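Inspection log for the structure reproduced underneath, given as structure tokens.
The values are calculated or read from the model by the stated rules, or taken from the named source; none is laboratory data. All of these numbers come straight from a predicted model, not from anything done at the bench. Cβ coordinates were reconstructed from backbone atoms using ideal geometry, including for glycine residues, and neighbour counts include every protein chain displayed.
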Amino acid sequence: MQELSIEELTRYSRHLILPEVGLEGQLRFKRGRVLLIGTGGLGSPVALYLAAAGVGTLGLLDFDVVDETNLQRQIIHGTRDLLRPKVASAKDRINEINPYTDVITINDRITSENAFKIIRDFDVVVDGTDNYATRYLVNDACVLLGKPNVYGSIFRFEGQASVFNYNGGPCYRCLYSTPPPPGLVPSCAEGGVLGVLPGIIGCIQANETLKILLDDGETLSGRLLFFDAWKLKFKELKLSRDKSCPICGEHPTITELVDYEEFCGLRGGNDIEVETISAVGLRDMLEKTPENLEIIDIREPHEVAMGMLPRSRAIPFGQVVRRKNELNPNLINVFICKIGTRSEQAIRALKESGFEGRLMNLKDGTNAWAKEIGGYVVTY
């Protein structure tokens with residue numbers, strides 16, 4: 001049986017004097033194995049607080065590197081960590097906080113092929129992802145393996161948190177049976193996020209994880225917590241397990257992991273090809289044959305106010321199809337947004353509506369222009 005060293009007894013003394021935790025509870029933390037999927041805005045505070053609390057094993061799964069735009073909210077990383085793998089940066093910081101925590105780094109994407117192998121060795125999974133395909137994948141893998149899933153999501157000033165698949169409670173599919181259409185919900189990279197928001201939601205996720213490891217306290221299982229940072233208001237929605245849920249219901253139809261990119265409409269079912277152009281390619285066209293093209297900026301007005309490319313005009317994403325008659329089919333219409341996702345969806349929608357002019361998408365959007373060209377778009 002594991003025991004606490006003299007140093008650990010001192011380190012965790014404020015836990016040990018809590019009757020709800022005590023020595024046995026602290027040993028539960030030490031024996032606990034928690035997988036964090038994502039070490040970004042949500043994963044950062046979760047990792048910091050679970051390590052400080054004395055969780056014995058933390059698995060960190062992320063395939064990304066530290067970018068300067070991360071530092072506004074991803075507090076586990078620092079300026080000196082730029083371009084380092086996030087899992088490596090996070091491991092170094094965790095080791096500084098608590099050398100008694102064993103950190104397992106997985107510098108990879110989670111997929112239908114590796115999810116079971118990764119998740120099965122952990123007691124609790126904390127979902128810090130930012131896309132629907134991965135959320136459904138994590139949910140389904142947790143249900144099929146019988147693992148609790150501590151959920152969090154953030155956007156602009158609003159956050160959500162819950163606990164899924166715990167003690168007979170509902171799963172993520174009971175709440176959201178199907179994902180929204182691609183492009184309908186902007187990502188944080190497109191819509192922005194208040195830097196402190198993931199800290200608040202991540203701390204709630206860490207709190208729920210500790211209660212699960214203790215097998216005590218009232219968790220968010222069966223409840224969805226909403227938080228509005230701008231108005232500083234909390235709301236709560238009661239959740240029940242859906243008897244017709246395709247994976248945790250009475251007659252499940254999902255018994256194995258599926259293709260979640262296809263499920264979320266990100267591929268397969270959409271055979272409309274979209275021609276792309278790089279930032280350098282667009283610059284060259286603007287210099288050589290500007291009379292042949294027009295740039296359609298589909299960002300929202302508050303985004304456009306940050307700066308626009310030359311020969312461009314704004315048509316917000318939601319108005320593109322309705323205003324297609326304003327487009328000149330004799331020109332090359334280059335569509336842009338911040339990261340290239342919304343503009344790609346806008347082009348597909350135009351093609352489906354019958355527009356026959358040439359349409360191109362700026363690959364990686366204004367972010368790419370700001371990094372590779374600069375000058376016309378404010379970097380933000």
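The table below gives the values:
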{"quantity": "A229 vs. criteria touching a residue at least 24 places away in the same chain (Cβ under 8 Å) and closer than 25 Å to T366 by Cβ", "calculated": "no"}
{"quantity": "Any hit, the range 4-14, residues being in a loop (DSSP other than H, G, I, E, B), surrounded by 20 or more Cβ atoms within 10 Å (Cβ to Cβ) and outside the structural domain of K117 (by TED's automatic domain parsing)", "calculated": "yes"}
{"quantity": "Leading residue by the ranking (modelled with the lowest pLDDT) among those in the range 158-189 that are of a type in the set (A, V, I, L, M, F, W, C) and more than 25 Å from S343 (Cβ to Cβ)", "calculated": "L175"}
{"quantity": "Residues of the range 78-94 satisfying the condition of being assigned to a helix (DSSP H, G or I) and loosely packed, with under 15 Cβ neighbours inside 10 Å", "calculated": "T79, R80"}
{"quantity": "Among (1) in contact with a helix residue (DSSP H, G or I) (Cβ under 8 Å, 6 or more places away or on another chain); (2) among the hydrophobic types (A, V, I, L, M, F, W, C); (3) modelled with pLDDT of 85 or more, the one test that M308 misses", "calculated": "(1)"}
{"quantity": "Residue match in the range 258-265 (condition: without any contact (Cβ under 8 Å) to a residue 24 or more places away in the chain, farther than 30 Å from Y166 by Cβ and of a type outside the set (A, V, I, L, M))", "calculated": "no"}
{"quantity": "Per-region count, the range 98-140, residues part of a loop (DSSP other than H, G, I, E, B) and under 12 Å from the mean Cα position of the chain (by Cα)", "calculated": "4"}
{"quantity": "In the range 334-361, residue farthest from R311 (Cα to Cα) [restricted to those that are surrounded by 21 or more Cβ atoms within 10 Å (Cβ to Cβ) and of a type in the set (S, T, N, Q)]", "calculated": "Q345"}
{"quantity": "Hey, Y166 among the aromatic types (F, W, Y), closer than 30 Å to K233 by Cα and assigned to a helix (DSSP H, G or I) or not", "calculated": "no"}
